[in-house]
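Before any comments, here is the structure.
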Amino acid sequence: MKKKKSVVSRYNRWGYIFLIPFAVVFVIFQLIPLVTTIYNSFFENYMSGLKKVGPNFVGLANYGKLLTGGDLGKYFGNTMIMWILGFVPQIVLSLLLSAWFTNPQLRLKGQRFFKTVIYLPNLIMAAAFSMLFFTLFSKGGPVNSILISMHIFKDKYDFMAHIGSVRGLVGFMNCLMWFGNTTILLMAGMMGIPDSLYEAAEVDGATPGQIFWKVTLPLLKPIFIYVLITSLIGGLQMFDVPQILTNGSGDPMRSSMTLIMYLNKHLYSKNFGMAGALSVMLLILTGILSAIVFRVTAKDEVQ
Amino acid sequence: MAGTSVKKKGSGSSIHARRVIAYIVLIIISFICLFWFYVLFINATRSNAELGRGFTVVPGKYLGTNFYNLFHGSLPVVRGMVNSLIIAGLSAFLSTYFSTMTAYAIHAYRFAGRKAVFTFILGIMCVPTQVTALGFVKLVQGMGLENNFIPLIVPSIAAPATFFYLKQYMDSNLPGELLEAARIDGAGEVRIFNTVAIPLMKPAISVQAIFTFVASWNNYFTPSLILHKDNTKTLPILIAQLRAADWLKFDMGQVYAMIAFSIFPVIVVYLILSKNIVGGLAAGAVKG
């Protein structure tokens, strides 16, 4: 008995050994950068022309400057507006499609084809997709030419010069890139609902609409919250699409500048203090949102 | 009995109508998904002069010319694709191999702190790469690794999301008895991992390899902070450069060719592997 135990623990030592690559890489490339980022947020450290200012310890001054002086609120607002513009149509579409795909009565044919098509935009390089939309929606681009030839537009419309159209395009691209992914997630949730519940509702004479609103949706709540919050976390990280679409300017009048674009700007201008403070704020915000995800999914598992 | 059968017949026609509506909506949505890539393909085959005259439905004859001009232009696109391939390929390999190893450590051994390690890895899954970017760039500069692929490849070894997926798959597909049997046969632990665990994990590994490859191939934020020299740039950085250069005033045929060059290889690979990708995604979603 004693011998066997020592053999087992000798094997189990290998657990630590196999964890070494992960641990080493994590510490070097994630933990140290995280600590440096937090550390830098307490220092004044930027370039004034060719002159380097700092690093001087300033405590929480960078945070104060960000919260009161800068345009942080505006950029947060931009990010949220563009996220909502993409998320609302995305969730409506995904709910509809996943309900159809999983409906045993409808028995839709060609499901694999449709799933393949709707997931496709998710794999496209966001930078290239955004560049594509920039060219297609440019003043001399094909969208203008098609809309004019169909007599929908009279004159060329400059999509890049209007706040609504730029934000709308970013939202549209985000929706297009993510609704396939959301559909597949929701489908997994819907297939977990036992058929007997649907049958019981049908026997009671419920219409398809009633079944969807009164049976499917309430049971889908945990995965729905998961989708909502992971999408929100992803939305806070929005960067590639608006960055390429507006060439990093967030034009018109910085109305499409997101938080990460703002961070990217500070990183490029080597304003490390502000970049650090902004990073820490984003980290805290993401941390809170992730904690909610964990609670929701943990509850789901207990049930 | 009779009542229910009448009812079923009654809802039968409405199901038919709903099915027709579903197909129409699905076709419209598919059209909206594919339309942009169709326009991209058409425009990549047309000359700058033709493009100036507005959109046509049929392709032109300038596909070869546009690509010839692109490859001989000022953007190092072929080099960019090779760089992207190297970084994404090695990232996918290292990430899946070592994530399997990490998952295996938690799955196959009972050591002190095992549960804590698992929870910890799940916790760091939520830290976005952007919030550590400042420290990451400083670290890379300090190590003298700017314009080097190492800081873009090696960090993929610690990939919590990949780890989590593989761990879930392992729980249902890698029984402990199998490992025990290999041990009785006298195989060493490293050998068991490489010759028993890895082959059994192949389906899950290939799904994750595809996702890691695509994520790395598409990544723009981090590479743009690390790679500044022309011959080290990846495709997304070149796309951003194209956007900044305002090529719209020059040759639009080339601009479309460049976008097609970065998008179409992924589409072709996706269509070949789509069964694994969409299926694997659903499998992960069910478990995760």
Check: Is region A:49-67 home to any residue that is over 18 Å from A:Tyr262 (Cα atoms) and among the hydroxyl-bearing types (Ser, Thr, Tyr)?
Finding: no
Next item on the list: Could you list, in sequence order, all residues of region A:256-275 that are surrounded by fewer than 19 Cβ atoms within 10 Å (Cβ to Cβ) and assigned to a loop (DSSP other than H, G, I, E, B)?
Entry: A:Ser269, A:Lys270
Item checked: Residues of region B:21-52 that turn out to be closer than 19 Å to A:Ser130 by Cβ, open to solvent by 20 Å² or more (accessible area, probe 1.4 Å) and at the interface with chain A (Cβ under 9 Å from one of its Cβ atoms), as a count -> 3
Next item on the list: Could you tell me whether region A:265-278 includes any residue that is away from chain B (no Cβ under 11 Å) and not small (Gly, Ala, Ser)?
Entry: yes
Check: Is region A:239-248 home to any residue that is open to solvent by 30 Å² or more (accessible area, probe 1.4 Å) and in contact with a Lys or Arg (Cβ under 7 Å, 6 or more places away or on another chain)?
Finding: yes
Checklist line | Pick from region B:53-91, criterion among the aliphatic types (A, V, I, L, M) and open to solvent by less than 50 Å² (accessible area, probe 1.4 Å), ranking: farthest from B:Val39 (Cα to Cα) | finding: B:Ile87
Check: Which one is surrounded by the fewest Cβ atoms within 10 Å (Cβ to Cβ), of the residues in region A:29-53 that are within 13 Å of chain B (Cβ to nearest Cβ) and among the aliphatic types (A, V, I, L, M)?
Finding: A:Val35
Next item on the list: Run B:Ser74 past the list (1) under 14 Å from B:Val255 (Cα atoms); (2) not in a loop (DSSP other than H, G, I, E, B) and report the number of the one that doesn't hold.
Entry: (2)
Next item on the list: Please work out which one of (1) at pLDDT 90 or above; (2) away from chain B (no Cβ under 12 Å); (3) surrounded by fewer than 22 Cβ atoms within 10 Å (Cβ to Cβ) is the condition A:Pro252 fails and give its number.
Entry: (1)
Checklist line | A:Tyr268 vs. criteria touching a residue at least 60 places away in the same chain (Cβ under 8 Å) and either not small (Gly, Ala, Ser) or not assigned by TED's automatic domain parsing to the domain that holds A:Phe42 (or both) | finding: no
Next item on the list: Determine whether region B:273-286 contains at least one residue that is at the interface with another protein chain (Cβ under 10 Å from one of its Cβ atoms) and at pLDDT 85 or above.
Entry: no
Next item on the list: Could you tell me whether any residue of region A:82-96 is surrounded by fewer than 21 Cβ atoms within 10 Å (Cβ to Cβ), closer than 16 Å to A:Thr183 by Cα and more than 19 Å from the chain's Cα centre (by Cα)?
Entry: yes
Check: Just one of B:Val117, B:Val196, B:Val190, B:Val154 is over 18 Å from A:Phe26 (Cα atoms), hydrophobic (A, V, I, L, M, F, W, C), surrounded by fewer than 21 Cβ atoms within 10 Å (Cβ to Cβ) and within 12 Å of chain A (Cβ to nearest Cβ); which is it?
Finding: B:Val190
Check: Since B:Gly142 meets every condition but one in (1) under 19 Å from A:Gln30 (Cα atoms); (2) of a type outside the set (A, V, I, L, M, F, W, C); (3) within 7 Å of chain A (Cβ to nearest Cβ), which condition does it not meet?
Finding: (3)
Checklist line | Per-region count, region A:182-202, residues in a helix (DSSP H, G or I), open to solvent by 30 Å² or more (accessible area, probe 1.4 Å) and facing chain B (nearest Cβ under 8 Å) | finding: 2
Notebook entry, point to check: In region A:165-173, is there at least one residue being closer than 30 Å to B:Ala22 by Cβ, without any contact (Cβ under 8 Å) to a residue 40 or more places away in the chain and surrounded by fewer than 21 Cβ atoms within 10 Å (Cβ to Cβ)?
Noted result: no
Check: Counting only residues that are open to solvent by 20 Å² or more (accessible area, probe 1.4 Å) and more than 7 Å from chain B (Cβ to nearest Cβ), how many does region A:97-120 have?
Finding: 10
Note to self: I need the full set of residues from region A:1-57 which are modelled with pLDDT of 85 or more and in contact with a Lys or Arg (Cβ under 7 Å, 6 or more places away or on another chain), in order please.
What the structure shows: A:Asn12, A:Gly15, A:Thr36
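The values are calculated or read from the model by the stated rules, or taken from the named source; none is laboratory data. This one's a predicted model, so the numbers in the text were calculated from it and none came from an experiment. As a convention, Cβ positions derive from the backbone with ideal geometry for all residues, glycine included, and neighbour counts pool all protein chains shown. Ligands, DNA and RNA are excluded from the accessible area calculation, which covers all protein heavy atoms including side chains. Shrake-Rupley method; radii C 1.70, N 1.55, O 1.52, S 1.80 Å.
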